[in-house]
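So the structure is just underneath, and the comments pick up after that.
The values are calculated or read from the model by the stated rules, or taken from the named source; none is laboratory data. A quick note: this is a predicted structure, and the numbers were derived from the prediction, not measured. When we count neighbours, we look across all protein chains shown, and the Cβ atoms used for this are built from the backbone with ideal geometry, even at glycine. Quick note on the areas: whole protein, heavy atoms, side chains included, nothing else; ligands and nucleic acids left out. Shrake-Rupley method; radii C 1.70, N 1.55, O 1.52, S 1.80 Å.
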Amino acid sequence: AKTFIAQKIYKLVMVLNCECNFREYVHLELESMKDLETSFSGFTIGEAATATLIAADDGDDDSHFSFRTWGEKHGLCKIPLPNADDFSPSNGADRLRPMSFFTMPAELLSFTCKNLVEHFRETQVLANRTHDLIVGHAVSNSSTAKIARLLNFDRSQVFETHSRFGNTVSASLPLALAVAEREGRLKRGMRVLLLMGSAGVSTAVGSFTY
């Protein structure tokens, strides 16, 4: 969206997001303790749909975004298609149930948090900025607190949504921004920091003035 607007291809961009119908891929019936280990994260999933409008601004654009991915960790969390094993015979786990949410949360969170922290610190243009509001992919309250502690963030600036809406996955960032604005936490002129760590494994950091 930023590139399209900067190149004057479009003046207004809408980004649509939908995280719904978790009952189609989350199985709430547990048959063993092993099922609990690999399926528990499904009980934390929330649902949300968002629409974000992005427009050009007459002022200076100070936004900056950085993305990284570690594809070798794809087996830590996925919803495999019916023929996934034909293309990924070695996925680091037993044969997965098609269209069923699978995760290894302990390793996924540990790896993602470590690399997200390093990603932010190495992105000097963001690490050296002062931010008024910090929004992250709200996987859990504990992971949010861990990232804030490792990066020495002022917890009063961290806007958390997991306790109210659950893990809304890719909708968590726009959802948090909308709720923060509605509740008076996000106002025009504030500089916002975005942090994301997700299955893949992918991390992203971003900063912009609202």
Report summary line: Taking the stretch 154-202 and the residues there that are among the polar types (S, T, N, Q) and within 30 Å of Phe101 (Cα to Cα), the one that is modelled with the lowest pLDDT would be Ser170
**Report entry** Enumeration of residues in the stretch 92-129 that are in a loop (DSSP other than H, G, I, E, B), hydroxyl-bearing (Ser, Thr, Tyr) and either at pLDDT below 90 or open to solvent by 20 Å² or more (accessible area, probe 1.4 Å) (or both)
**Finding:** Ser100
Query raised in the report: Restricted to the stretch 179-198, and to residues that are open to solvent by 40 Å² or more (accessible area, probe 1.4 Å) and touching a residue at least 40 places away in the same chain (Cβ under 8 Å), which residue is nearest to His64 (Cα to Cα)?
Result: Arg191
Requested in this report: Say whether the condition of being over 26 Å from Asn128 (Cα atoms), assigned to a loop (DSSP other than H, G, I, E, B) and within 15 Å of the chain's Cα centre (by Cα) is met by at least one residue in the stretch 176-188.
Outcome: no
Query raised in the report: Tell me, which residue of the stretch 24-65 that is of a type in the set (A, V, I, L, M), outside any loop (DSSP other than H, G, I, E, B) and under 26 Å from Leu177 (Cβ atoms) is most open to solvent (accessible area, probe 1.4 Å)?
Result: Leu53
Report summary line: Filter the stretch 130-142 for residues that are surrounded by fewer than 21 Cβ atoms within 10 Å (Cβ to Cβ) and without any contact (Cβ under 8 Å) to a residue 60 or more places away in the chain; the one that is nearest to His162 (Cα to Cα) is Asn141
Report summary line: Scanning the stretch 1-23 for residues that are within 17 Å of the chain's Cα centre (by Cα) and assigned to a strand (DSSP E or B), the one surrounded by the most Cβ atoms within 10 Å (Cβ to Cβ) turns out to be Glu19
